[in-house]
Amino acid sequence: MTEAVGISQARARGIWMRAQRLDERAPFGAGPDATRRAVEHLGYVQIDTINVIERCHHHILFSRIPDYQRVHLSQAQSVDKSVFEYWTHALSYVPRRDYRFYMRKMKEQRTKAVRWFGDVTPSEVRKVVTRVRREGALSIRDIDTDVRIEKTHEWASRKPSKKALEFAFFTGDLTVSARTGMVKTYELSERHFGWERREAAATEGEITDYMLDRALRAQGVVSLDSICHLDAGRKGAVLKRVEARVRRGELVAVVIEGCERVQHWAEPRALDEMADVDGGLVHILSPFDPLIIQRKRLKLLFDYEHRFEAYVPGPKRVFGYFALPVLVGDEVVAAIDLKTDRQRGELLIQKWSWVGCGRARAHKRVVEEELGRFEKWQLGA
């Protein structure tokens, strides 16, 4: 068996940033098709409802596509149909080419007890699917025959049909064909994608390989936790795949200096490639960015513990309601709590916290320059 390769934390950070395509300004090129390329490389782009600044799916893409426009994602979803929405570790945009790897999960939703949809009856689901089949794509706003009910959860709808639509979405009968803000339009999956017949669902073994390959592509150096983020039940199967690839020489064990207690692996080519990060490159990242969302991994490799405090009482907040981590080169130097004043057309700094090696004298000018670029895009100038 190949001996483990030792690397520094700085080297591991560089490999991860290279895999995340944050080591250069425009890794996916320009124009509408850059959105497809970015989603395919990353494997998913998380969707979130918080709109204090830009919604995270747009923000994540802007961080890697300098000329990104919101209509590019709409085109990918509704016109080119190169991405679709489904659940990864959270609701996300996923490459259309990967649809078959989610079909088993869709099938399971038909019989599995799902907490969110436990009180939806089969007849209610059939009713909304039949209506979509007969009338064409529709959103919850198009359904005005519901008898409104009291909410059982703050994120729930007072319209019973919303749960039926969402259940049909999770089973794959419907797909989100368009999105305006957070209002989703649902269409029959077959009609939206133009299928005469659905492709075959991936096997469990193929899904395991898919998860491993996706992590290797987007993370560079991987651990069981990073591969199986919020999907711990797959760790046993993934570990067997990893061990088999190590035996074949397709993966090597990696020991990261200072992180020896966590097993890591990488493809030999990832370790051979140059992964030097431009020290002058600045990124203001979404708290839901793939580089940030795995908090333990972020702490391990960047020595930065991000706090998402939107649901933390005001007096207990450290960084602020919606703080954004700021990368300069391969170091997180600040967390800036931003808010958009759309009426006045301004991006407001609620709180600026220096972290790690971040210092006003060393970093303030370059961070302010990036804030200007971010504000211009955010406000649509």
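The values are calculated or read from the model by the stated rules, or taken from the named source; none is laboratory data. Please read these numbers as outputs of a predicted model, since none were measured by experiment. Neighbour counts are summed over all protein chains in view; Cβ atoms, including those assigned to glycine, are modelled from backbone coordinates with ideal geometry. The protein model used for the area step is the full one, side chains on, heavy atoms only, and it has no ligands, DNA or RNA in it. Shrake-Rupley method; radii C 1.70, N 1.55, O 1.52, S 1.80 Å.
Tell me the relative contact order for the chain as a rounded percent, counting alpha carbon contacts under 8 Å between residues six or more apart.
That works out to 19 percent.
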**Study point:** segment 218-277, Cα convex hull volume normalised per residue, Å³
**Key:** 102 Å³
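Once the convex hull of the alpha carbons of segment 1-108 is built, what does its volume come to per residue, in cubic angstrom?
Roughly 158 Å³ of hull volume per residue.
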Study note, to complete from the structure: Sequence order, segment 83-97: Karplus ³J(HN,Hα) from phi using 6.51 cos²θ - 1.76 cosθ + 1.60, θ = phi - 60°, Hz rounded, Gly and Pro as x, gives 9, 9, 9, 6, 8, 9, 8, 7, 5, 8, 7, 10, x, 4, 5
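So which trypsin sites (Lys or Arg not before Pro) in segment 170-233 are both in a DSSP loop and have at most 14 other Cβ atoms within 10 Å of their Cβ?
On the way: sites: ARG179, LYS184, ARG191, ARG197, ARG198, ARG214, ARG217; in loops: ARG197, ARG198.
Those that pass, being in a loop and sparsely packed, are ARG197, ARG198.
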Review point. If the viscosity is 1.002 mPa s and the temperature 20 °C, what Stokes-Einstein diffusion coefficient in µm²/s follows for the chain when Rh is the Kirkwood radius over Cα pairs?
Key: 95 µm²/s
Revision key, fill the gap. For segment 257-343, the charge dipole (Cβ of Lys, Arg +1; Cβ of Asp, Glu -1; about the Cα centre) points to a positive end, and the Cα of GLY320, CYS259, HIS306 closest to that extreme belongs to GLY320
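Please give the per residue accessible area of segment 167-232, computed with a probe of 1.4 Å over protein heavy atoms only, in Å².
On the way: 2590 Å² over 66 residues.
Normalised by residue count, the accessible surface of segment 167-232 is 39 Å².
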Revision key, fill the gap. Mean 1/r over distinct Cα pairs of segment 155-234, inverted to a Kirkwood Rh in Å, yields 15.6 Å
Check your understanding: Anyone know which of ARG361, ARG96, ARG248 comes out most mobile in the 10 Å Cα GNM of the chain?
Key -> ARG361
**Study point:** Long-range amide H partners of VAL5 with built H, under 5 Å
**Key:** ALA253, VAL254, VAL255
**Study point:** Centre separation in Å (Cα based) which lies between segment 76-108 and segment 1-41
**Key:** 22 Å
Check your understanding: Using a probe of 1.4 angstrom, how much of the accessible area of the chain is carbon and sulfur, in percent?
Key -> 49 percent
Review point. Counting alpha carbon pairs within less than 8 Å and at least 6 residues apart, what relative contact order, in whole percent, applies to segment 1-150?
Key: 18 percent
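Using the beta-carbon distance between SER8 and ARG269 and R0 = 22 Å, what value does 1/(1 + (r/R0)^6) give for FRET efficiency, to the nearest 0.05?
Details: r = 19 Å, r/R0 = 0.86.
Calculated transfer efficiency: 0.70.
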Review point. Looking at the P(r) of segment 1-62, how many percent of alpha-carbon pairs lie beyond 16 Å?
Key: 59 percent
Review point. Label points 7 Å out from Cα along the Cβ direction at ARG217 and ARG141: separation in nm?
Key: 3.5 nm
**Study point:** Measure of compaction for segment 210-365 (Cα Rg per 2.2 N^0.38 Å)
**Key:** 1.23
Study note, to complete from the structure: Non-local residues with an amide H under 5 Å from the amide H of ALA334, with H modelled 1.01 Å from N and Pro and chain starts lacking one, are VAL326, VAL355
Exercise for review: Would you pull out the residues with amide H under 5 Å of LYS351's amide H, same chain only if 5 or more places away, H placed 1.01 Å from N?
Suggested key: ASP337
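At 1.4 Å probe size, with every protein chain present, just tell me what the per residue accessible area of segment 1-134 comes to in Å².
Details: 5970 Å² over 134 residues.
About 45 Å² of surface per residue is accessible.
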Review point. Considering only protein heavy atoms, what per residue accessible area in square angstrom results for segment 248-381 with a 1.4 angstrom probe?
Key: 52 Å²
